[in-house]
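Here is the structure we will look at.
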Amino acid sequence: MSATEEPEVRAATPASRLAAYVRGGGVIVPLLTVTLAFLAGGLVMLVTGKDPIATYEAIWKGTGLQWLFPWTTGADRVLAASNLQQTLIITTPLILTGLAVAFAFRAGLFNIGGNGQYIVGSIAAVWVGSSFADMPSFLHIVLAIIAACAAGAFWAGIAGFLKATTGAHEVISTIMLNWIAVWVGVWLFSLGGPLQNNAQKSIPVSEDVVEGAKLPVFWGDPVLQGLHIGLFIALFAVIVFWILLIRSTIGFEVRAVGFNPEAARYSGMNVGKNYILVMAVCGLFAGLAGAMDVLGWQFRIATNDIQIAYFGYIGIAVALLGRNTAVGTLAAALLFGALLSGTSQRNLDPTIFEPSLATNLTWIIQGLVILIVSADVLVLGMIARGRGLFRRRPRAAAPAAEGEP
């Protein structure tokens, strides 16, 4: 090629732009993941003889999200408001458990223990919330929240300490801590347990949270489980997550350790200390989620509640779908909160789809999201094939004339 000849500049194709969006961590892959999951769920409904369009429409109405649109009026708007309150109540702990998993991911750790941290946070919140009946309301709420955050941070910190000192894998330790939290909670509130309700000796349940420790309701009827201020606390936690991770020295070290722990150690960072700190922060978020539920709408804990707790596990899907970012986790939590609310027996029209089956459909979609969340590789592979199809092939060189070198 001569000095004056310029290299060929390829025009950007839609496939190449899409590949850049995927590599840049945009919304393309999460949207494709959700779309594929819902298509697969619709296929399951078709196979079982159900109408997927009518079912998804009924689930949408059950979420109450149509309240956000001005054309929803009259009785439909009143019903939508009630349903949306329930959706946001469920979304609140999912935001926090999602952050608990996402923060660990950014440090190269896999926090499977969000459920156990949520449980111990709930236990601490219900114990403080049902005690100190004469304490001023604001102080009582703050103390219960602090206790829940501290309990969750301590519980997750155990896994971080084991990782830092012995190299124990956090997946194994957090799973084991989940089960320990479950059975400690069952023992505490079982018949004759240390924290069992004294007024109801025949029921394995905790004492009720006193009126002064309940989170205020700002939308809806408090008697009918209106939306409490825990939603604003969760949104504030999203901001704290972003500032802590992106705009602080701690966040820089956390991301450095997650990217390459050996390089971080070589540069003088204390990797072990960061493991403990990261897990403690994760537990703080999950413990706060437990406090929001206990102080916001549950007001007591039964042994059955502990054994069927699952918000910590859904937090894994929330974090993965949200790509471990603050805004992404918030959006994913709203999606899963809407699914859980829209498929509940309270909100879903049973004439269109049986709520008990719809709840299983929610778990199917959640599992598919986790399965397909690795679609980055698949999408990039398809994009590469598309680029190969649309790329202009170079023209064959013209045969040289006789006598030409």
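The values are calculated or read from the model by the stated rules, or taken from the named source; none is laboratory data. This structure is a prediction, so every number in the text was calculated from the model and none was measured. Cβ coordinates were reconstructed from backbone atoms using ideal geometry, including for glycine residues, and neighbour counts include every protein chain displayed. Remember, those area values only see protein heavy atoms, side chains included, never the ligands or the DNA or RNA. Shrake-Rupley method; radii C 1.70, N 1.55, O 1.52, S 1.80 Å.
Return one number: the angle in degrees, 0 to 90 and rounded to the nearest 10, between the long axis of the Cα atoms of helix 74-106 and the longest principal axis of the Cα atoms of the chain. Approximately 70 degrees, to the nearest ten. Based on DSSP loop calls and a cut-off of at most 16 other Cβ atoms within 10 Å, the longest stretch of the chain free of exposed chymotrypsin sites (Phe, Trp or Tyr not before Pro) is what? The longest such stretch corresponds to 133-309. Counting only protein heavy atoms and using a 1.4 Å probe, the accessible area of ARG265 comes to about 120 Å². Run down the lysines and flag those whose C-alpha is under 19 Å from the C-alpha of LYS61, throwing out any fewer than 8 positions away in its chain. Leaving aside lysines fewer than 8 places away in the same chain, those within reach of LYS61 are LYS50. Taken about its Cα centre, the chain carries a charge dipole of about 680 debye when Lys and Arg each add +1 at the Cβ and Asp and Glu each add -1 at the Cβ.
For the chain, the solvent-accessible area works out to 51 Å² per residue, with a probe of 1.4 Å and every protein chain left in place. For the chain, the longest principal axis of the Cα atoms and the long axis of helix 230-246 meet at an angle of about 40 degrees.
Net charge near ASN83, counting Lys/Arg +1 and Asp/Glu -1 over other residues with Cβ under 9 Å of its Cβ? Taking every other residue near ASN83 into account, the sum is +2.
In order along segment 125-131, phi translates into HN-Hα couplings of 5, 6, 5, 5, x, 8, 10 Hz, rounded to whole numbers, per the Karplus curve 6.51 cos²θ - 1.76 cosθ + 1.60 with θ = phi - 60° and x for Gly and Pro.
Averaging the Cα positions of each part gives two centres, and for segment 247-313 and segment 32-89 these lie 32 Å apart.
Tell me, which longest segment in the chain has none of the GluC sites (Glu not before Pro) that fall in DSSP loops with at most 14 further Cβ atoms within 10 Å? Don't skip to the end; give the middle numbers.
Values: sites that count: GLU5, GLU8, GLU402.
Longest gap between qualifying sites, sites excluded: 9-401.
For the chain, the longest principal axis of the Cα atoms and the long axis of helix 271-293 meet at an angle of about 60 degrees. Positive contributions from Lys and Arg (+1) and negative ones from Asp and Glu (-1), summed over other residues with Cβ under 14 Å from the Cβ of PHE241, come out at +4.
Under 15 Å from the Cβ of GLY258, count the other residues' Cβ atoms, weight Lys and Arg +1, Asp and Glu -1, and hand me the total.
Net of charged neighbours comes to +3.
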